[in-house]
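Following: one structure in structure tokens, then a few remarks.
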């Protein structure tokens, strides 16, 4: 997928002006935040599970090569095939080759953020394949020709009425408006497609090294219909999604659903191990796992390794005030919110994503809910540091920062400039106590008044009262 | 470990940039509260900024330079106390990280961090203050700054003290744990988003029914007062220290509502 | 593909600042860890039923396997379903009424009702565990509108870890597909409003055989 992050500000402004988006985003909180809080409070073991999950992920990352090789062996033993892909282009090509070899025409897809990351749909469609997203949220945005705006609720930005319009345009017939009718309509439309599909592509929440299983955790059942009714099942997943054993799946299941959707469990947890066995009456004839690196291995051993713990639950964006105000599309790529603001610069380049690490108040709420305790604000700050070191910040900001440092390192100058500013701003405000506008401070006064200073600085007043102060 | 001056510890008052420039009354209120809590208060004139603007803008070198300056300035005190969760979290959490690779400065940073406190939590947790003698006639709502709440775990302390102010009743707002959108330079780099978040917060303030908004961080308070004044909302704004010290009789932040 | 495998492994090792791990490290790395489990002292049956029902699943209690056909017929009538069902082979020999057309194969596109056995049920989350196999087509778990699952009380296990033991004990180890199912299919994707019956079954009904009650 193309990176459109340089337009963050313009997109954010448009998002802020969109009343439908505001309505849709308001529901994210009710749907996810409150329920997560209830469940976290109800489980005495929750914080300990988060610690264990963090530590286990750290262990896995420190031995990633071992577990990936184990996984490959186990998939092969089960009759499947692992395709190691160094980058997005290789992953796309591997999948195109499989589709061509099996003579595929129609392809169904369960939700996979990695397939979005590697731009799979465009590549398949360019080769003439019919590609249908079957996750309801993904289906909605496919109809709308939009990228996902949330990693677990891809159409979180769409209101029910907007979905009604999309379905009416795509399916014809009477325009349905109730949620029940809309869901039923999609159910019936997609049902035929599962049975027609030659290839079914799903993501993978976990890859189990012990058994060679891929695991998806879902609620709709489309990922299951996608993989059991197609002749060929392809799983796309990042190399960091590996877990050593089934016991580790339990650990992560216990935090995933609670963090993601505020449920004790999602509806379906499905383990897929190889192709159908002799005597099996259904299931795919081929099983392929497309293991995608695409920049992940480069994060190992560096300041961003912690980000590889991410289990893609979406809690950080659900709790992010900025995401809650502008939605996912403003971030301009596949992954939005705090985790996206870290990953997008790392995957797409610091130079085309300068806004993302900065469009954050460092309020820390994301970190406080992250089930694997990724220090997201620290990682964002480290990205700012790298931007600063590489001269990627705007000249005006660099000048302001240099001026601030120059003054702050000189206490007498600092006191002098502060006294000057206190008097000047107070003078402009008069007795009103505030300024409606102030030259060179439009960034502040465009959206709020500037409270006026009292007129004298604290340090000068203190010194006046305590003449001995030094 | 109580310092030598356990009976009357010497506290260096950290005069935050925003307090120094915009709201000296908060500094004097802090000094009064500290003195009432049995401390000797001194204000080193050589102090400037904690360095957080540089740190959060990715200029770690500038942040280190200022960290060293603050450490030198405040090294002789039993405690460093400031009326801001944001600045004091920088001293407590960030200085040791910034200077972690510097064998000379790391121990000094850690020593300072261990003695640095946000004002309200210092009063309750270190000095054992359980009540204040102040009076304030009004219904207040308390805004938790993210750096106080999540950075320093300051949540109960201001409420404990405010609960002892005669005439004051506390009406909590919804979504207390949600950021107000100030975020330091964020508020001018992304003013539209910052303004939206301020609006969400002032809507919650209004819904609480409070006539006064209090908080422990001037950044948030200047931002929210500015939004309240822009929208002509009749809510007064004070730093909690001003109320606790009985020094909230003048105009609030941003002038009269 | 061998090239990329080597490339990725080399990048990982370079990032981690070490070479390949010695073979002697394998046993420790592959050992099964003991993670925190969720403590509960509810009765397994009660916990399973409460949680499964809280997620819009339904449960009927019957005394013995031979009661399954009558319970299925009652369910079918209550939901006005036609006299046809996909009944998995392990249940084929039960005393089914002559009027019910049955088949044992995978579910077809218009299948409305399936009746299957299961491998276990997990009290922790109130979930059914189903394993694919010659007698257990996975399509029966997802295609029909209505899925009736026969669960024997002694198949209840406390938690995931105990469920893994059941999976590992299968003759071929992990089956092609293992499904943990916690109620009917659901979605929140339209207007972030919860709606049952997205793509999988609209209704999952457990017939709990035996146990107290």
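Taken together, the values in this text are just the output of simple stated rules run on the coordinates, not laboratory data. Please read these numbers as outputs of a predicted model, since none were measured by experiment. Backbone-built Cβ (ideal geometry, glycine too); neighbour counts: all protein chains shown.
Using Cα pairs under 8 angstrom and six or more residues apart, how large is the relative contact order of chain B, in percent? Each step should come with its number before you reach the end.
On the way: 462 pairs, mean separation 48.4, N = 257.
Reported as a whole number, the value is 19 percent.
What order do you get for B:119-130, A:144-155, C:182-193 when each peptide is scored by the mean count of other beta carbon atoms within 10 Å, highest first?
Numbers: B:119-130: 20.1, A:144-155: 22.6, C:182-193: 25.5.
Descending packing order for the listed peptides: C:182-193, A:144-155, B:119-130.
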For chain A, longest principal axis from Cα atoms; helix A:246-260 axis from its Cα atoms; angle between them, nearest 10 degrees, is 50
If R0 = 25 Å, then residue A:196 and residue C:92, at their Cβ-Cβ distance, give a FRET efficiency to the nearest 0.05 of 0.25
Short to long, in 10 Å steps from zero, the percent of alpha-carbon pairs of the protein assembly as shown per bin is 2, 11, 20, 22, 17, 13, 9, 4, 1, 0, 0
If the label point sits 7 Å along Cα→Cβ of residue A:170, residues of region A:320-338 with amide N under 14 Å come out as none
Counting other chain Cβ atoms within 10 Å of each Cβ in A:52-58 and taking the mean gives 1
The distance between the Cα centres of region A:214-236 and region B:174-232, in whole Å, is 45
A student applying the Cα gyration tensor rule (rounded when a/c is under 1.5; otherwise prolate if a/b is larger than b/c, oblate if not) would label region A:371-418 oblate
So, with points 7 Å from each Cα along the Cβ direction, the residue A:396-residue A:177 label distance in nm works out to 4.6
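With only alpha-carbon pairs counted, each pair once and no self-pairs, how large is the Kirkwood hydrodynamic radius of chain A in angstroms?
Numbers: mean 1/r = 0.0407 Å⁻¹.
Kirkwood hydrodynamic radius for chain A: 24.6 Å.
Label chain B by shape, choosing from rounded, prolate and oblate, from the square roots a ≥ b ≥ c of the eigenvalues of the Cα gyration tensor; if a/c is under 1.5 it is rounded, and otherwise prolate applies when a/b is larger than b/c, oblate when it is not. Present the calculation step by step, with values, prior to reporting the outcome.
Details: a/c = 2.05, a/b = 1.28, b/c = 1.60.
Here chain B falls in the oblate category.
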At q = 0.09, 0.11 1/Å the base-10 log of I(q)/I(0) from the Debye formula over the alpha-carbon atoms of region A:115-223 is -0.26, -0.39
For region A:389-454, Rg(Cα) over 2.2 N^0.38 Å is 1.33
Using the Kirkwood formula on alpha carbons, the hydrodynamic radius of region B:96-150 in angstrom works out to 14.4
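Using a Förster distance of 60 Å, how high is the FRET efficiency between residue C:40 and residue A:428, based on the Cβ-Cβ distance and rounded to 0.05? Can you show the working numbers first?
Values: r = 65 Å, r/R0 = 1.08.
The formula returns an efficiency of 0.40 here.
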Rounded to one decimal in nm, the spacing of the 7 Å Cα→Cβ label points at residue A:412 and residue B:137 is 5.0
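Once you compute Rg and the Kirkwood Rh from C-alpha atoms, what is the Rg to Rh ratio for region A:292-358?
Looking at region A:292-358, the ratio lands at 0.95.
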Rounded to the nearest 10 degrees, the helix B:24-36 long axis (Cα) sits at an angle to the longest Cα principal axis of chain B of 70
Its Cα gyration tensor gives chain C an equivalent ellipsoid whose semi-axes in whole Å, largest first, are 38, 21, 19
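Does region B:50-203 come out rounded, prolate or oblate, given a ≥ b ≥ c as the square roots of the eigenvalues of its C-alpha gyration tensor, rounded meaning a/c under 1.5 and, failing that, prolate meaning a/b above b/c?
On the way: a/c = 2.98, a/b = 1.32, b/c = 2.26.
Since a/c reaches 1.5 but b/c is at least a/b, the shape of region B:50-203 is classed as oblate.
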Mean Cβ-within-10 Å packing, highest first, puts peptides A:344-350, A:175-181 in the order A:344-350, A:175-181
Computed over all unlike Cα pairs, the Kirkwood hydrodynamic radius of region A:310-413 in Å stands at 14.6
Kirkwood-based Rg/Rh on the Cα set of region B:9-77 evaluates to 1.03
Against the 2.2 N^0.38 Å rule of thumb, the C-alpha Rg of region C:1-83 sits at a ratio of 2.23
Relative contact order as a percentage, chain A, C-alpha pairs under 8 Å and 6+ apart, gives 20
Taking Cα atoms only, helix C:2-16 is inclined relative to the longest principal axis of chain C by an angle, in degrees rounded to 10, of 70
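Return the calculated 222 nm mean residue ellipticity for chain A, to the nearest 500 deg cm²/dmol, obtained by summing -39500 (n - 2.57) across DSSP H runs with n ≥ 4 and dividing by the residue count. Could you put the intermediate results ahead of the total?
On the way: 22 runs with 233 residues, N = 470.
That comes out to -15000 deg cm²/dmol.
Which whole-number value in Å³ per residue fits the convex hull of the alpha carbons of region B:102-191? Mind dumping the intermediate values first?
Working: hull volume 12.3 nm³, N = 90.
About 136 Å³ per residue, rounded to a whole number.
Could you work out the relative contact order of chain C, using alpha carbon pairs under 8 angstrom and six or more residues apart, expressed as a whole percent? Walk me through the numbers on the way to the answer.
Values: 366 pairs, mean separation 49.5, N = 213.
Answer for chain C is 23 percent.
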Whole-Å distance linking the alpha carbon centroid of region C:155-213 with that of region A:45-90 is 25
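Counting only other chains, and only Cβ atoms inside 10 Å, what mean value do you get across the residues of B:178-186?
Details: counts 8, 11, 3, 7, 2, 8, 2, 7, 7.
Average neighbour count from other chains, rounded to a whole number: 6.
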Length gained if residue B:36 through residue B:256 is fully extended, taking 0.36 nm per residue and subtracting the Cα-Cα distance, is 76.3 nm
Inter-part gap, Cα centre of region A:359-386 to Cα centre of region A:391-470, in whole angstrom, is 29
Here, residue C:168 and residue B:104, labelled 7 Å along Cα→Cβ, have an inter-label distance in nm of 5.8
Partner shielding of C:134-147, taken as the mean number of other chain Cβ atoms within 10 Å, equals 5
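Compute the normalised compactness of region B:189-257: alpha-carbon radius of gyration over 2.2 N^0.38 Å, N being the residue count.
Details: Rg = 11.7 Å, N = 69, 2.2 N^0.38 = 11.0 Å.
After normalising by residue count via 2.2 N^0.38 Å, the value is 1.07.
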Of A:362-368, A:83-89, ordering from highest average Cβ density within 10 Å down gives A:362-368, A:83-89
With the convex hull built on the alpha-carbon atoms of region C:95-185, volume per residue in Å³ sits at 111
